[in-house]
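This report refers to the structure that appears directly beneath it.
Read-outs: derived from the displayed coordinates by stated rules, not from any lab. Nothing here was measured: the structure is a model prediction, and the numbers come from that model. Cβ: placed from backbone, ideal geometry, glycine included. Neighbour counts: every protein chain shown.
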């Protein structure tokens, strides 16, 4: 799906700033901003070299927030992610040494190359916005966004993310290869310069936090809520689905729709917002039956079927 609706000027400025670095991926940029505004997290799945890491870095520079990177490897431990308590002989007390999870934006690079035990170290941080070490819970800085990258699961040396972990990601995105013209434009930009070093912040941190609060005031009518619930209920009844979308998925779709409406300058959600976001918010929350997979039916195709089957409510402006 392609997003054509005009953006609110501050967000258009952010998108254009990131587009100096990322060519031809406007939709992915907008959806990443949607997740940030909704206080959700992003899973970027694609082959290496298509710009996943560059997108995360450009996003952090656009808001001038702290970015930390975790390179997930098979030998990474949970303490390498959340931090440890170290004994200080001078004070005779244990002191917390923060891990790289303590940042505004965390790039969890190749998250599916580490063990499920280490992957689960992110669960509390992603759900509660805090980490617990030695029984002490500490709040993470706000805003807090995990943007995890993973290679397709068929690649050697990867572990599938547990369902509980997948359910914590608001959206799952694919970068995809650029078109020939976009790739030529990319070569032109990189021929004599490093675009990432030339972009700077275009939105203040306080402004971003204010916009996150504003999202909570975006109105969601009973009609739209009913539409979301009908989509989710049908996912649990679909003949090709082994495990449907959880109630957390319903909440995620509503929150994403609120943020998406805010980015586009509206204080109310319309059914089109739900249709636009459903493939990105719901598909990774489905488990498809093996026999359906043999018939080449995947989660994206199921979501398309659900959208086609579910009547779209007619709703006027608020």
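Nearest 0.05, what FRET efficiency do residue 142 and residue 307 give at R0 = 25 Å with Cβ-Cβ as r? The computed FRET efficiency comes out at 0.15. Among the listed values (i) 175; (ii) 161; (iii) 152, the one matching volume of the Cα convex hull per residue in Å³ as calculated from this structure is (ii).
Does the range 186-231 come out rounded, prolate or oblate by the C-alpha gyration tensor, with a ≥ b ≥ c the root eigenvalues, rounded set by a/c under 1.5 and, if not, prolate when a/b is larger than b/c and oblate if not? Because a/c hits 1.5 or more and a/b fails to exceed b/c, the range 186-231 counts as oblate.
Relative contact order for the range 123-261: 18 percent, from Cα pairs under 8 Å spaced at least 6 residues apart, divided by residue count. Each of 90, 39 was scored by other Cβ atoms within 10 Å of its Cβ. Listed from fewest to most, they are 90, 39. Here the spin labels are modelled as points 7 Å beyond Cα on the Cα-Cβ line, and at residue 66 and residue 115 they lie 2.9 nm apart. Report summary: the helix-based calculation at 222 nm, which adds -39500 (n - 2.57) for every DSSP H run with n ≥ 4 and divides by the residues of the chain, gives -12500 deg cm²/dmol. As a proxy for reagent exposure, 44, 161 were ordered by neighbouring Cβ count within 10 angstrom, fewest first; the result is 161, 44. Relative contact order of the range 210-318, taken over Cα pairs closer than 8 Å and 6 or more residues apart, is 33 percent. Take the Cα of residue 217, step 7 Å toward its Cβ, do the same at residue 294, and the gap between the two points is 5.6 nm.
Once a ≥ b ≥ c are taken as the square roots of the eigenvalues of the Cα gyration tensor of the range 3-113, is the result rounded (a/c under 1.5), prolate (a/b larger than b/c) or oblate (a/b not larger than b/c)?
Working: a/c = 3.15, a/b = 1.97, b/c = 1.60.
Note, shape of the range 3-113 comes out prolate.
When a/c is below 1.5 the answer is rounded, else prolate if a/b is larger than b/c, else oblate, so apply that to the range 81-157 with a ≥ b ≥ c taken from the square roots of the Cα gyration tensor eigenvalues. Prolate, since a/c reaches 1.5 and a/b exceeds b/c.
Mean sequence separation of contacting Cα pairs (under 8 Å, at least six apart), scaled by the length of the chain, corresponds to a relative contact order of 22 percent. Shown for 14, 241: other C-beta atoms within 10 Å of each C-beta, ranked fewest to most, produce the order 241, 14.
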